[in-house]
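Before any comments, here is the structure.
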Amino acid sequence: MKWEGHRRSENVEDRRGDGGAGGGGLPRMGPRIGGRGLGIGSIAIALVAGWVFGINPLTVLGLLGGIDAGPAAQAPAARAPAQDPQSLFVSTVLADTEDVWNAIFKAGGSAYREPTLVLFRGATPTACGTGQSAMGPFYCPGDQKVYIDLEFFQTLSSRMGAPGDFAQAYVVAHEVGHHVQGLLGVTQKVEALRGKLPKAQMNAMSVRVELQADCLAGVWTHHSQKGKGWLDQSDVQEALNAASRIGDDTLQRQSQGTVVPESFTHGTSAQRMRWFSRGMQDGSVAGCNTFDTKTL
């Protein structure tokens, strides 16, 4: 991916110097389900793996059974990102998502509201509760911010077998895809179903949400490549490999040795690759309607 020398986004907030606890004496505590504290260390490895690349894990947990994120903590003062290679890279990718989605929304007769990308270490306050590195990258619809601990990219490469800069770009584009879903009203419609559907049906709904975000990441890829020509076939393979590595079936097989389809919340490896490819091939947001198709 030939990303050097391109515009960098100004919508990046660097909290990595805030001591890993989000500043302001924020207690190290996770979201609360059913009024009880839930620490990341107490969550099964399979569930943590299932959150990777997903919509804000606080939201997913809420969809699956009710969540109390606790009182909102005050975020530290925003700072411009440091000039290290990884922050420059994600700033460049975010800038291109801004260019692509601004153009798509304008063509559709509306305005695109750009999200903020927050870089942090350890834990940080969000409008959705306390975000922690163990959650992986996530998007919080409450403050319209994407959160990522850049050390996740090392995990993605060395422990999950998905190396490459475009695999990392896919991570950012997927989370921005969740932001686009919020602007399109998808997130709100799904949230309205909370508590109204059985757990298995909400799991299935979450799968459709995630696959649509994969498809929207593909839409960005289509238009980004058309505008910049900064990718080659190996870059595309990096993204497809990443999508394959984080399918529910693959993660469950690796973590617990068995596959439980009714517990899927993100889709199979084949489904994630298929929907990313669909968006990448035709570049159409309308083609990403995962909710009106019987076959995912």
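The values are calculated or read from the model by the stated rules, or taken from the named source; none is laboratory data. Since we're looking at a predicted model, the values are computed, not measured. Glycine also receives a Cβ, built like all others from the backbone with ideal geometry; neighbour counts cover every protein chain displayed.
Remark: pairs (first residue in segment 272-296, closer than 10 Å to Gln212 by Cβ; second residue among the charged types (D, E, K, R); Cβ separation under 6 Å; 6+ apart in sequence or on different chains) = Trp275/Asp214; Thr290/Arg208; Phe291/Arg208. Selection of segment 246-268 for residues being farther than 16 Å from Ala213 by Cα and either of a type in the set (Asp, Glu) or touching a residue at least 60 places away in the same chain (Cβ under 8 Å) (or both) yields Asp249, Leu251, Gln252, Gln254, Ser255, Gln256, Glu262, Ser263. Kindly evaluate Val180 against the criterion of being modelled with pLDDT of 95 or more and of a type in the set (A, V, I, L, M). In short, yes. Scanning segment 192-236 for residues that are within 25 Å of Ala270 (Cα to Cα) and among the small types (Gly, Ala, Ser) gives Ala200, Ala204, Ser206, Ala213, Ala217, Gly218, Ser224, Ser234. Being in contact with a Leu (Cβ under 6 Å, 6 or more places away or on another chain), under 16 Å from Tyr170 (Cα atoms) and buried (at least 16 other Cβ atoms within 10 Å of the Cβ) is a property that Gln225 has. Among the residues of segment 120-133, those that are touching a residue at least 40 places away in the same chain (Cβ under 8 Å), surrounded by fewer than 24 Cβ atoms within 10 Å (Cβ to Cβ) and under 24 Å from Pro85 (Cβ atoms) comprise Arg121, Gly122.
Kindly indicate whether Thr265 is over 18 Å from the mean Cα position of the chain (by Cα) and either at positive phi or in a loop (DSSP other than H, G, I, E, B) (or both). The answer is no for Thr265. Restricting attention to segment 241-296 and to residues that are within 19 Å of Leu184 (Cβ to Cβ) and hydroxyl-bearing (Ser, Thr, Tyr), the residue that is surrounded by the fewest Cβ atoms within 10 Å (Cβ to Cβ) turns out to be Thr293. State which residue is surrounded by the most Cβ atoms within 10 Å (Cβ to Cβ) when the search covers only segment 134-173 and only residues that are touching a strand residue (DSSP E or B) at 6+ places or on another chain (Cβ under 9 Å) and under 18 Å from Ser269 (Cβ atoms). Looking at residues that are touching a strand residue (DSSP E or B) at 6+ places or on another chain (Cβ under 9 Å) and under 18 Å from Ser269 (Cβ atoms), I get Val171. If the condition is being in a helix (DSSP H, G or I) and in contact with a Lys or Arg (Cβ under 7 Å, 6 or more places away or on another chain), then segment 223-243 contributes only Ala243.
Against the list (1) under 24 Å from Val100 (Cβ atoms); (2) touching a residue at least 60 places away in the same chain (Cβ under 8 Å), the condition Gly229 fails is (2). With respect to Val207, determine if the residue is among the β-branched types (Val, Ile, Thr), buried (at least 16 other Cβ atoms within 10 Å of the Cβ), more than 19 Å from Val100 (Cβ to Cβ) and touching a Gly at 6+ places or on another chain (Cβ under 6 Å). So Val207 passes the test.
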